[in-house]
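Heads up: the structure comes next, in structure tokens.
Only the coordinates and a few stated rules stand behind these numbers; no lab work does. Because the structure is predicted, anything quoted here is derived from the model rather than measured. Cβ atoms come from the backbone with ideal geometry, glycine included; neighbour counts cover every protein chain shown.
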Amino acid sequence: MEIKPPVPIIPAPIWRNIKDLQEWEQLHQKRPEGDKHSSAFEAITEGIHSFPGGFVVTTPADAFLNWARKSSVWPVTFGLACCAIEMMATFASRFDVERLGMVPWASPRHSDLMVVSGTVTIKMAPMLLRIYDQMPDPKWAVSMGSCANSGGPFRHGYHVVKGVDRVIPVDVYVPGCPPPPESLLNGLLLLQDQIAQFRRTGKRAAPNPKVD
Amino acid sequence: MTHEQAKTFISERFGSAQVEPASAEATAGGGMALTVTVPANDWRPFASFAKNELGCRFFSFSSAVDWKEQGLEVVAKVDNLDTGLSLVMKTKLGPGVSECQSLVPVYRGANWMERECYDMFGIRFNGHPDLRRILLGDDWVGHPLLKSYAVDTPYPPYR
């Protein structure tokens, strides 16, 4: 009796060429510019700017809008691994990010910030991207911990994304394994500082030398 | 049934099976598991024997080892919870062979374990009712715990 295999046999491709890897590295370093902006808002402010003396209006307005944005950054509650425990500790009463205007919110559609707390597996990455896409612009992302930054100890594992910045654009990287709540709090303060520079630079905010 | 009785019983019924440890002193305390290496043809008959006649009704786990050029080895552990007899069943599939008899007709608990084994090692279990990937995505190419699976294999667009 001939025994048929129940599933098709797919030969495993073996990449032993380092050039293939380098191509992928370069491909993922290319990111579209202005991926942080809502294009409608951009068009309106650019329109006002083009009037004579328009910058007199837009510059204070930007300062006000940035102040408003940075004072109510709502992180979406999204925990992936053990870093999520430290993230919860940061959100809880002892470290209390609510005094900075951050309310952990259980809906991506009302949130401005995603704290990627933990290892991003290849199976999880599409879901992470989907949640990120559900957040309204302008939105920010904090990569928390070694795994989300670069893959961490699992970097050479077969199933781990080598850094969440291959999936979504990241503003602040918080190192640590896991980072203590103080580190995450520092990262969130850095993020607020970046948000204060948001419209002035027009692109992704440069790090503030005052804080760094 | 003590370990010594189980060993003689196994060697009576399956003459080609190797039972370890061989010495009686090692199994005197009764805490150590017996390791039984059977030929691949006897894989399911031996499991059925272990369940029905040795009373090892609890299927603990199943996995595999990739011994490179010597081929794959399938491992399963079954327990008799009443008498404390533990059997570690092993079989070598031989070089280049990735087909094995399934234990699902004997132990229902082997279902997902063998799916994982297929997922990670590509071993096709004949007689398994639903052999699909369980942990990795359905579009995954290759079997990552094989030694021939290169480290840092790209997975577009995330790796």
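Taking other Cβ atoms within 10 Å as a rough exposure proxy, B:E114, A:E98, B:E20 sort from fewest to most as A:E98, B:E20, B:E114. The calculated FRET efficiency for the pair A:V103 and A:F64, based on their C-beta separation and a Förster distance of 25 Å, comes to about 0.75.
Remark: mean inter-chain Cβ contacts per residue of A:151-164 equal 3, using a 10 Å Cβ-Cβ cutoff to other protein chain atoms.
Over 23 Å apart at the Cα level, from the set A:K123/B:K92; A:K70/A:K162; B:K68/B:K90; B:K51/B:K90, are A:K123/B:K92; A:K70/A:K162. If only the Cβ of Lys and Arg carry +1 and only the Cβ of Asp and Glu carry -1, the dipole of chain B around its Cα centre is close to 200 debye. Roughly what % of DSSP beta bridges within segment B:37-123 run antiparallel, to the nearest 5? Antiparallel bridges make up about 95 percent of those DSSP assigns within segment B:37-123.
Considering only beta bridges that DSSP places wholly inside chain B, some 75 percent are antiparallel.
Taken residue by residue and averaged, Cβ atoms of other chains lying within 10 Å of the Cβ of B:115-124 number 1.
Are there trypsin sites (Lys or Arg not before Pro) in segment A:102-204 that DSSP puts in a loop and that have at most 13 other Cβ atoms within 10 Å, and which ones? Hits after loop and neighbour filter: A:K203. Going from the fewest other Cβ atoms within 10 Å to the most, the residues B:W67, B:W43 appear in the order B:W67, B:W43.
Counting neighbouring Cβ atoms within 10 Å and putting the fewest first, the residues B:D139, A:D137 line up as B:D139, A:D137.
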